[in-house]
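Heads up, the thing below is written out as C-alpha cells.
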Amino acid sequence: MLLLYDIIEVPKTILIEGLVLTVVGYSIVFSALVVLYFVFFQISKLLNMQLKLKLRRQGKLDQAAEGKGLSIIPGEVAAAISMALYISRQLHDEESNILTIKKVSRVYSPWSSKIYGLRNLNR
C-alpha cells in the first residue's frame with residue numbers, strides 16, 4: 001500500500017513534530033475549557049453566597065429556608081408566577097405551522113444597489 005508521505009517523501013521528523021504540535025494544542029485547549037468550567041462554577045457559588053449574606057443582613061432570609069437549600073422566592077410568589085404562565089399558555093390558540101412568504105416589491109434604493117459596491121477603476 002502506497003502512503004501519502006511515501007509519495008511526497010516527507011521526513012519522519014516533520015510528521016512527528018506535527019503530531020506533537022497537534023497533541024499539545026488539543027491538550028491546551030481542553031485544559032483551558034476545564035479551567036473555565038471550574039472558574040464559572042465557583043463564581044456562581046460565590047455570587048449565591050454573597051446574595052444570601054446580603055439577604056440575611058436585611059432579615060429577608062430565614063434560617064429554615066437557608067438550611068434546606070430552598071429558593072429565595074416565597075411560595076406565594078412562585079405559585080402566582082406558575083399560574084400566570086399556565087394561563088398564558090392556555091390563552092393562545094394552536095398554530096397551524098404554515099409559513100406564508102409574501103413577496104414584497106421594494107423601490108430602488110442606492111443603499112441596496114450592487115453597482116456602488118464595486119470598485120470603479122479610472123483608466
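Each value in this text was obtained by applying a stated rule to the coordinates, not by laboratory testing. This one's a predicted model, so the numbers in the text were calculated from it and none came from an experiment. Here Cβ is always computed from backbone atoms with ideal geometry, including for glycine, and neighbour counts include all displayed protein chains.
Between Leu85 and Ser27, the simple label model (points 7 Å from Cα in the Cβ direction) yields a spacing of 4.5 nm.
At 0.36 nm per residue, minus the direct Cα-Cα distance, what do Arg57 and Leu36 gain on full extension? Give it in nm, one decimal, please. Write out the running numbers ahead of the final one.
Numbers: separation 21, 0.36 × 21 = 7.56 nm, distance 3.16 nm.
Length gained between Arg57 and Leu36: 4.4 nm.
Placing a pseudo-label 7 Å from each Cα along the Cα-to-Cβ vector at Glu17 and Ile73 gives an inter-label distance of 5.9 nm.
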